[in-house]
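Trainee: Questions regarding the structure given below will be posed in turn.
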Amino acid sequence: MDQAIILEKSIFIFTIFAITMLAAMYSTWAERKVAAWLQDRIGPNRAGPLGLLQPLADGMKLFSKEEFLPNTPNKFLFVAGPAISMSVALMTSAVIPWGDKLIIGGRTVILQATDINIGVLYVFGVLSVGVYGIMIGGWASNNKFSLMSAMRAASQMISYEVAMGMSLIALLMMSGDLSLKTISEQQAEWHWNVLYQPLGFIIFLVCSFAETNRTPFDLAECEAELIGGYHTEYSSMRMGFYLFAEYASMFISSTILAVLYFGAYNYPGMAWAVEHWGVNAANGIGIAVLFIKICAFIFFFMWVRWTIPRFRYDQLMRLGWQGLIPLAIANIFITGVIILWHDGKLF
Amino acid sequence: MADDLLLPPEQRFDAVIKQNQNEDGSELSILNLGPTHPATHGIFQNILLMDGERIMDGEGTVGYIHRAFEKIAENRPFYQITPLTDRMNYCSSPINNMGWWMTVEKALNIEVPKRVQYMRVIIMELARIADHIICNSVLGVDTGALTGFLYVFQYREKIYEIYEEICGARLTTNMGRIGGFERDWSPEVFKRINDFLEEFPKIWSEFENLLVRNRIFMDRTIDVGPISAEKAISYGFTGPNLRAAGIDYDVRVMSPYSSYEDFEFDIPVGKSGDTYDRFCVRNAEVWESLKIIKQAMEKMPEGPYHADVPDYYLPPKEDVYHNMEALIYHFKIVMGEVPVPVTEVYHAVEGGNGELGFYLTTDGSRTPYRLHFRRPCFIYYQAFNDMVRGQMLSDAIATLSSLNVIAGELDA
């Protein structure tokens, strides 16, 4: 491996981290603006134009707050909780294809940190580790409300991962590959997976809400019941990390939704654009298109959050095990039958 | 558990926990919901015995903001007691104020003019709308939907602006005087009420659309914290919480006061007495209140804005400066030295939460001999543990919210 590749990948990884952080930061700003808009208010408008410096002000405030440590026997775990949440939220971005490729100085740059052939599995593996951050934080807080929240979060994330994985199996049966790059390439032009897998997409979308702990599945941190849930005892930037991780994972979930179901960086007429405008211009538009899709999903997450109430714990479990999992299994069967019929092996 | 009721709840529950400890390896736990918990909307403590997320038993504790209003009232002349009533159910203080004035007028045998009665009806119905706005939208907040709350709160603000135009205050209004109002309503008041009547229905139906047929909201509230009609009556429920259980008891109709008999309106009732029914009954009551205000605005008679009772109603300031009788009345009223008969009266109004009663005993002196407030919140809170036993923690929050237990009224 020559040094150029190492340099190229390092710069790329650094950029991706920066973008994820920035997206998470500005998701907090967007959340407030969207909430304000839905609620007929103005929202943040003091710090900078349109309140754009608000996330910086928040970060500064969180850093300068006292770091309160509750009287817990497990101080190490207490500190480890937010750290796990944060690192997990940032790790997923490694396998996401942010665009096809760019040609810089005669050198082809693949816009993906690493194209591992089990990209989907990697994403799932990393996402499931995310529950440990919440579990450990809630347990180490030595607080009944936090513990309850940790229990809720754990059972919720584990149950919804099952349905999420099953809805993906149908998709993988179609694509025949676990690499996110291949899945993206298969969706060129209008062959977006959402058109072939509408049911799978809906199940996956619902599960994404559950995985990111967003309303209507924000049982783990519902302030009306559990005060702050697992981060009740946290203060300063440790709490900031939890909140930040939530927004980062919302960003990543939106990205995965866009990549798996909404054609990733593909847009209709991309091949034509490559031919007429050149690789760089066409792929630049591709990156922009991916980010537009991601923003649309983030907005959808917020829109739902500020519109509907949240489930109760038992209703959530019922929906997961009795609603989504059977549906996902049915989806696998339907997809299987259609694939066989399409290949002419059925009749 | 009933055998050791005299023990404090922690010890009682400890005994239960020890008994149940090793049956299936699981353990019960005690959860302190309150005194400072976001869902209690005030300060009161619920000690809950929990089996995981399920509530086995509970114990309510009151008195965290007890301010001894009944005792303070025994040392105050009548006109100084209204500020105390403001601070009971602070979501609808004008109803408390008007209820108190009517009680005093009943004790002193004062007949108030028709115009005053209509004005009082309007202000009480506005206060009821404000109260129901808070209760129903906060039920949304407690189930996780914040938007409806902030959306309709603008209109509570408009109601407060009307109060402000009438009496200068917003939250703790101290509105009115013995025999009427301190001044006539300005044209601005009528304009603001008319504006409110025009704009509010659209907003309220939007709010209803957001929640009434929302599947998640229905799942969260139907069959949550139900109470049967028999039980509700035996606890002494009144108001929307009793009507949600199916009893059409409303003080405005059963023993009309302040000319309520002049107006056409329905009493909405529910069936099962669960959280959803309470929510719907309050929603419907807002529409009925709007109807009443509309009728009162149309039929509003001309005339004086206070009764002709110089012994109790302050004379105009110019007269005080130029007229000896007026000066004497002014002095006597301000010092609280007004003639009071020896009497005993009970007067109830339909408060935002239920029957708000004032039981007044006088002994001829300048202050009440004894004054008791019948506070509906205090009664609802007694039933809370019965209603949530066997339900989940989230249900307890929704139930508490829909009972509209307001700490100021609970503790007085």
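Trainee: Starting from the amide H of residue A:117, placed 1.01 Å from N in the peptide plane, find each other amide H under 5 Å away whose residue is 5 or more places distant or on another chain.
Mentor: Answer set, sorted by chain and number: none.
Trainee: Using a 10 Å cut-off on Cβ atoms, rank the peptides B:75-83, A:245-253 from the highest mean neighbour count down. Spell out each step's value before the answer.
Mentor: Values: B:75-83: 18.6, A:245-253: 25.8.
Per-residue mean Cβ counts within 10 Å order the peptides as A:245-253, B:75-83.
Trainee: Per residue of the range B:284-299, in order, report the coupling 6.51 cos²θ - 1.76 cosθ + 1.60 (Karplus, θ = phi - 60°) as ³J(HN,Hα) in whole Hz, putting x for Gly and Pro.
Mentor: Rounded to whole hertz, the list is 5, 5, 4, 5, 5, 4, 4, 4, 4, 4, 4, 4, 5, 5, 5, 8.
Trainee: With only alpha-carbon atoms in the gyration tensor, what are the semi-axes of the equivalent ellipsoid for the range A:164-242, in Å, largest first?
Mentor: Working: eigenvalues 256, 42, 19 Å².
Each semi-axis is the square root of five times an eigenvalue, giving 36, 15, 10 Å.
Trainee: Follow-up. Could you please state, rounded to a whole Å, how far the C-alpha centre of the range A:280-296 is from the C-alpha centre of the range B:299-348?
Mentor: 76 Å
Trainee: Give a quick list of trypsin sites (Lys or Arg not before Pro) in the range A:40-109 that DSSP marks as loop, anything other than H, G, I, E or B, with at most 11 other Cβ atoms within 10 Å.
Mentor: Here the sparse-neighbourhood loop sites are A:46.
Trainee: Sticking with this one: Kindly state, to the nearest 0.05, the FRET efficiency for residue A:66 paired with residue B:342, given R0 = 56 Å and r defined as their beta-carbon distance. Mind showing how you got there, number by number?
Mentor: Working: r = 62 Å, r/R0 = 1.11.
For R0 = 56 Å, the calculated efficiency reads 0.35.
Trainee: Can you check what the Kirkwood hydrodynamic radius comes to for the protein assembly as shown, Cα pairs only, in Å to one decimal?
Mentor: Values: mean 1/r = 0.0336 Å⁻¹.
That comes to 29.7 Å for the protein assembly as shown.
Trainee: Within 10 Å of each residue's Cβ, count the other Cβ atoms and sort B:205, B:29 from fewest upward.
Mentor: Going from least to most buried by this count: B:205, B:29.
Trainee: Which residue, A:110, A:202, A:42, tops the fluctuation ranking in a GNM of chain A built on C-alpha contacts under 10 Å?
Mentor: A:42
Trainee: Give me the inter-chain shielding for A:213-219: mean count of other chain Cβ atoms within 10 Å, whole number please.
Mentor: That works out to 2 on average.
Trainee: List the lysines whose Cα sits under 25 Å from the Cα of residue B:332, skipping any in the same chain fewer than 8 residues away.
Mentor: Straight-distance partners of residue B:332: B:71, B:106, B:317.
Trainee: Would you pull out the residues with amide H under 5 Å of residue B:369's amide H, same chain only if 5 or more places away, H placed 1.01 Å from N?
Mentor: B:361, B:362, B:363
Trainee: Here is a further query. Of B:377, B:135, how do they rank once you tally other Cβ atoms within 10 Å and put the fewest first?
Mentor: Details: B:377 28, B:135 24.
Ordered by Cβ neighbours within 10 Å, fewest first: B:135, B:377.
Trainee: Right, something else. DSSP loop (so not H, G, I, E, B), at most 12 other Cβ within 10 Å: list which GluC sites (Glu not before Pro) in the range B:34-113 pass both filters. Intermediate results must be reported in sequence, preceding the final value.
Mentor: Details: sites: B:53, B:59, B:70, B:74, B:105, B:111; in loops: B:53, B:74, B:111.
Counting only loop positions with at most 12 other Cβ atoms within 10 Å, the GluC sites (Glu not before Pro) in the range B:34-113 are B:111.
Trainee: Here's another thing I want to ask about it. Springs between alpha-carbon atoms under 10 Å, Gaussian network over chain B: tell me which of B:250, B:131, B:262 tops the mean-square fluctuations.
Mentor: Top of the fluctuation ranking is B:262.
Trainee: Mind putting a number on the dipole of the range B:264-412 about its Cα centre? Charges go on the C-beta only, +1 for Lys and Arg and -1 for Asp and Glu, and I need it in Debye to the nearest 20. Before the final figure, lay out the partial values.
Mentor: Working: 13 positive and 22 negative charges, 82 e Å.
With only Lys, Arg, Asp and Glu charged at Cβ, the dipole is about 400 debye.
Trainee: Still on this structure, please answer the following. Please state, as a whole number in µm²/s, the translational diffusion coefficient that the Stokes-Einstein equation yields for chain B at 37 °C and 0.692 mPa s, with Rh defined as the Kirkwood radius across alpha carbon pairs. Working shown, then result.
Mentor: Values: Rh = 22.6 Å.
The calculation lands on 145 µm²/s.
Trainee: A further question on this structure: By count of other Cβ within 10 Å, fewest leading, how are A:168, A:90 ordered? Write down the numbers at each step before the final one.
Mentor: Working: A:168 25, A:90 20.
The fewest-first ordering by Cβ neighbours comes to A:90, A:168.
Trainee: Rounded to whole Hz and in sequence order, give me ³J(HN,Hα) for the range A:88-97 from the Karplus expression 6.51 cos²θ - 1.76 cosθ + 1.60, θ = phi - 60°, writing x for Gly and Pro.
Mentor: Per residue, the Karplus-derived 3J(HN,Hα) values read 5, 4, 8, 6, 4, 5, 4, 9, 7, x Hz.
Trainee: Within 10 Å of each Cβ in peptide A:226-238, how many partner chain Cβ atoms are there on average? Round it to a whole number, please.
Mentor: 1
Trainee: Among the lysines, which have Cα under 30 Å from the Cα of residue A:33 when same-chain residues fewer than 8 positions away are ignored?
Mentor: Counting by Cα, and skipping residues close in sequence, residue A:33 has these lysines nearby: A:61, A:65, A:293, B:158, B:202.
Trainee: What value, in deg cm²/dmol to 500, does the helix sum -39500 (n - 2.57) over DSSP H runs of n ≥ 4 give at 222 nm once divided by the residues of the protein assembly as shown?
Mentor: On the way: 31 runs with 441 residues, N = 759.
Value at 222 nm, helices only, nearest 500: -19000 deg cm²/dmol.
Trainee: Which peptide among A:213-223, A:306-316 comes first, and what is the full order, when sorted by highest mean count of other Cβ atoms within 10 Å?
Mentor: Numbers: A:213-223: 23.3, A:306-316: 21.0.
So the peptides A:213-223, A:306-316, ranked by packing, come out A:213-223, A:306-316.
Trainee: Compute the distribution of all C-alpha to C-alpha distances in the range B:290-352, in bins of 10 Å from 0, and list the percent of pairs in each, rounded to whole numbers.
Mentor: 17, 28, 27, 25, 3
Trainee: Residues with amide H under 5 Å of residue B:45's amide H, sequence separation 5 or more or different chain, H placed in the peptide plane at 1.01 Å from N; which?
Mentor: B:61
Trainee: Once the Cα gyration tensor of chain A is found, what semi-axes does its equivalent ellipsoid get, as square roots of 5 times the eigenvalues, in whole Å, sorted largest first? Walk me through the intermediate numbers first.
Mentor: Details: eigenvalues 230, 141, 75 Å².
Square roots of five times the eigenvalues give 34, 27, 19 Å.
Trainee: Expected output is a single nm value to one decimal: the length gained when fully extending between residue B:264 and residue B:322, i.e. 0.36 nm times separation in residues minus the C-alpha distance. What is it?
Mentor: Details: separation 58, 0.36 × 58 = 20.88 nm, distance 4.65 nm.
Value of the extension gain: 16.2 nm.
Trainee: Could you give the distance between the Cα centres of the range B:135-158 and the range B:77-98, to the whole Å?
Mentor: 24 Å
Trainee: Residue by residue through the range A:165-182, what is 3J(HN,Hα) from phi via Karplus (6.51 cos²θ - 1.76 cosθ + 1.60, θ = phi - 60°)? Round to whole Hz and write x for glycine and proline.
Mentor: x, 5, 5, 6, 4, 4, 5, 5, 4, 6, 6, x, 8, 9, 7, 5, 5, 4
Trainee: Label point 7 Å out from residue A:144 along Cα-to-Cβ: which residues of the range A:224-248 have amide N under 17 Å?
Mentor: It comes to A:224-230, A:232-233, nothing else.
Trainee: Let me ask something else about it. Go ahead and set up a Gaussian network model of chain B, Cα springs under 10 Å, then flag whichever of B:50, B:102, B:175 fluctuates most.
Mentor: Highest fluctuation of the listed residues: B:50.
Read-outs throughout are calculated quantities, based only on the coordinates presented, and are distinct from any laboratory measurement. It should be emphasised that the depicted structure is a prediction, and the values quoted were computed from it without experimental measurement. So basically every Cβ, Gly included, is an ideal-geometry build from the backbone, and we count neighbours across all protein chains shown.
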